[in-house]
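Each remark here refers to the structure printed beneath this line.
The values are calculated or read from the model by the stated rules, or taken from the named source; none is laboratory data. It should be emphasised that the depicted structure is a prediction, and the values quoted were computed from it without experimental measurement. Heads up, the Cβs are rebuilt from the backbone with ideal geometry, glycines too, and the neighbour counts pull from every protein chain shown. Areas reflect the complete protein model, heavy atoms only, side chains present, ligands, DNA and RNA absent. Shrake-Rupley method; radii C 1.70, N 1.55, O 1.52, S 1.80 Å.
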Amino acid sequence: QVHLVESGGGLVQPGGSLRLSCAASVSIFTIYLMGWYRQAPGKQRELVATINSGDSTSYATSVKGRFTISRDNARNTMYLQMNMVKPEDTAVYYCNAEYDQETYWGQGTQVTVSS
């Protein structure tokens, strides 16, 4: 089993920055694929970004060039650096891991972009 705990959410002004963290209960060196998803009120959960064990990344078109996903194997932590945030980035952000043929989710962290 893998436990994922997100942190770093909060209120940020449009154009500002925020960094989300996802701490895993296992060595993330052993996790092939990790990612960030988000869910806004009344909308379906959507993929934001993914990173694999080889550090290959992919991004949703809506965040490309503004968000950066990374992982620190020594700290067993994945990050999402969010820059130039927009009101439409407001959502609950979830950490995801594909491990040993199972899918795991964190509890989510709220990000609100508002002036």
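Being in contact with a strand residue (DSSP E or B) (Cβ under 8 Å, 6 or more places away or on another chain) and open to solvent by 40 Å² or more (accessible area, probe 1.4 Å) is the filter here; which residues of the stretch 90-103 pass it?
Passing the criteria: Glu98, Thr103.
Counting only residues that are open to solvent by 40 Å² or more (accessible area, probe 1.4 Å), give me the strands (runs of 3 or more DSSP E) lying completely in the stretch 1-89 with at least 3 of them.
In the stretch 1-89, 33-39, 57-59, 67-72 are the strands (runs of 3 or more DSSP E) which contain 3 or more residues that are open to solvent by 40 Å² or more (accessible area, probe 1.4 Å).
If only one of Ala60, Ala74 is under 15 Å from the mean Cα position of the chain (by Cα) and small (Gly, Ala, Ser), which one is it?
Ala60
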